[in-house]
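These notes are about the structure you will find just below.
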Amino acid sequence: MNKKSKVILLPCEAYEEERIYTNLKKGLELLGGLDSLVKKEEKILLKPNLLKRAEVEKAVITHPALVGAFGRILKEEGYKNVILGDSCGTGSTRKVIKGTGMDAALEKLGISAVDFSQGVHVAYPQGIQAKVFVIPKELKESDCVISLCKMKTHALERITGAVKNSYGFIYGLHKAKGHTRYPSADSFARMLVDLNLYVKPRLYVMDGIVAMEGNGPGSGDPVKMGVMLLSKDPVALDSVFCSLVHLKPQMVPTNYHGEKMGLGVWRKEDIQLLTPEGEISLEKAVKTYGNTAFRVDRRPIRRGLWERMAKALNIFQKKPYIDKSLCIGCGICVKSCPVPGKAVNFKNGKGKPPVYDYKKCIRCFCCQEMCPKKAIKVK
Ligand code: SF4
Ligand code: SF4
């Protein structure tokens, strides 16, 4: 019996809806067909990455052409009860997608884009890191979730892909609270793994046609990767993403803890990689579709005593800083800082740019994610 996790790699050079549609259909067939994943009468929530309002070309959000093509497949296959939503970093689902083409595509398909309206407390007693979540009512009322994630870098977790996309299942301001409750990359990753195990998205589809490298997930640079990835196993999917960008999969906390906690597998011997042309070795896929120059954090991991000492002494840690020449003084970074009393703020309540209090800063990088001017970098 084949117990490997399947990951489907679909080469796709451009955001042409017809090509994406044909590729996704093939990919779904290789996974056993949509009917093997979702029953026709089930209520489906599509969860793209809608971090914030930004031009589509900047690769901040899942591309509307992929969302449109996937929605079309659902409709053609007779799925009638489909909505789309995300707990966005700033703004709401409808505000973020307005004018991107995703709004028009969804309207044409009769799929409602929903602004999450209310948070519901749910218990997850078996959670290793998190035993309770506050999720949107609309998620609670759905039977099934499909994650439409984006291939991007991330300051805290190195990458944001399939596992991290699920953070948008936390309702509104509770996302900020999560950062103070789980301040380290490891504790945050374990919480994300618990969250994925609780929500159990049936399928993860990654938009890696144009990915984001460098100062992700909101201020990085678009880079063509020319692939879409599909899997039922988010850890295996993220592991393939890591290999394609020459990052050791085990260096990503959500992979490392994801395997330990039973969400999925990251080791190449446990993954079966398929393309429409047949099975492909990871080595060949990396050679054909990989990018050695992809800018992602590849520095070694520090855990245990070394990490605790570095934290206590506030040294050797990544930290955000503001490029004064780019700052417009909008204050979004201050608003998005979840630390009580704020770890970044305007000096004496005025003057730009805001300044950091690194003693208070928990390195969640919410400020860097949300800055609309790419003024916040990580060093
Ligand atoms: S969010 Fe960015 S542009 Fe706005 S005040 Fe902060 S650093 Fe400046
Ligand atoms: S200053 Fe930025 S990185 Fe530090 S705690 Fe606040 S939001 Fe997080």
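The values are calculated or read from the model by the stated rules, or taken from the named source; none is laboratory data. Only a predicted model underlies this, so the values are computations on that prediction, with no experimental measurement involved. With ideal geometry, Cβ positions are generated from the backbone for all residues, glycine too; neighbour counts draw on all protein chains shown. The protein model used for the area step is the full one, side chains on, heavy atoms only, and it has no ligands, DNA or RNA in it. Shrake-Rupley method; radii C 1.70, N 1.55, O 1.52, S 1.80 Å.
Filter segment 340-356 for residues that are modelled with pLDDT of 95 or more and more than 20 Å from Ser325 (Cα to Cα) and give the result.
Lys342, Ala343
What residue, among those in segment 63-88 that are assigned to a loop (DSSP other than H, G, I, E, B) and not hydroxyl-bearing (Ser, Thr, Tyr), is most open to solvent (accessible area, probe 1.4 Å)? Walk me through how you get there before you give the answer.
Start the filter on segment 63-88 by keeping residues that are assigned to a loop (DSSP other than H, G, I, E, B), which leaves 63, 77-81, 85-88.
Filter again for not hydroxyl-bearing (Ser, Thr, Tyr), leaving 63, 77-78, 80-81, 85-86, 88.
Details: His63: 36, Glu77: 57, Gly78: 29, Lys80: 167, Asn81: 71, Gly85: 0, Asp86: 10, Cys88: 17 Å².
Applying the filter and picking the extreme gives Lys80.
Tell me yes or no: at least one residue of segment 72-86 is touching a strand residue (DSSP E or B) at 6+ places or on another chain (Cβ under 7 Å) and either of a type in the set (Gly, Ala, Ser) or over 25 Å from Tyr21 (Cα atoms) (or both).
Narrowing segment 72-86 to residues touching a strand residue (DSSP E or B) at 6+ places or on another chain (Cβ under 7 Å): 74, 79, 81-86.
Next cut, either of a type in the set (Gly, Ala, Ser) or over 25 Å from Tyr21 (Cα atoms) (or both) only: 85.
Looking for residues that are touching a strand residue (DSSP E or B) at 6+ places or on another chain (Cβ under 7 Å) and either of a type in the set (Gly, Ala, Ser) or over 25 Å from Tyr21 (Cα atoms) (or both), one finds at least one in segment 72-86, hence yes.
Can you find a residue in segment 89-102 that is free of Cβ contacts under 8 Å to residues at least 24 places away in the same chain, touching a helix residue (DSSP H, G or I) at 6+ places or on another chain (Cβ under 7 Å) and open to solvent by 40 Å² or more (accessible area, probe 1.4 Å)?
There is no residue in segment 89-102 that is free of Cβ contacts under 8 Å to residues at least 24 places away in the same chain, touching a helix residue (DSSP H, G or I) at 6+ places or on another chain (Cβ under 7 Å) and open to solvent by 40 Å² or more (accessible area, probe 1.4 Å).
The rows are residues; the columns are (1) closer than 18 Å to His179 by Cβ; (2) more than 10 Å from ligand 2 (Cβ to nearest atom); (3) in contact with a strand residue (DSSP E or B) (Cβ under 8 Å, 6 or more places away or on another chain).
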residue	(1), (2), (3)
Gly329	no, yes, no
Cys337	yes, no, yes
Phe346	no, yes, yes
Pro353	no, yes, yes
Cys361	yes, no, yes
Val378	yes, no, yes
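Suppose we keep only residues that are more than 9 Å from ligand 1 (Cβ to nearest atom) and in a strand (DSSP E or B) within segment 324-379. Which one would you say is surrounded by the most Cβ atoms within 10 Å (Cβ to Cβ)?
Looking at the filtered set, the residue picked out is Tyr356.
Determine whether Thr153 is assigned by TED's automatic domain parsing to the domain that holds Lys260, closer than 22 Å to Pro249 by Cβ and of a type in the set (Ser, Thr, Tyr).
On the way: assigned by TED's automatic domain parsing to the domain that holds Lys260: yes; closer than 22 Å to Pro249 by Cβ: yes; of a type in the set (Ser, Thr, Tyr): yes.
So Thr153 fits the description; yes.
Can you name every residue in segment 293-310 that is open to solvent by less than 100 Å² (accessible area, probe 1.4 Å) and either modelled with pLDDT of 95 or more or part of a helix (DSSP H, G or I) (or both)?
Start the filter on segment 293-310 by keeping residues that are open to solvent by less than 100 Å² (accessible area, probe 1.4 Å), which leaves 293-294, 296-298, 301-304, 307, 309-310.
Answer for segment 293-310, where residues must be open to solvent by less than 100 Å² (accessible area, probe 1.4 Å) and either modelled with pLDDT of 95 or more or part of a helix (DSSP H, G or I) (or both): Ala293, Phe294, Val296, Asp297, Arg298, Glu307, Met309, Ala310.
For segment 159-206, how many residues meet the condition of being over 14 Å from Glu369 (Cβ atoms), within 12 Å of the chain's Cα centre (by Cα) and charged (D, E, K, R)?
0
If a residue has to be in a loop (DSSP other than H, G, I, E, B) and open to solvent by 50 Å² or more (accessible area, probe 1.4 Å) to count, how many in segment 33-42 make the cut?
Qualifying residue count for the region: 3.
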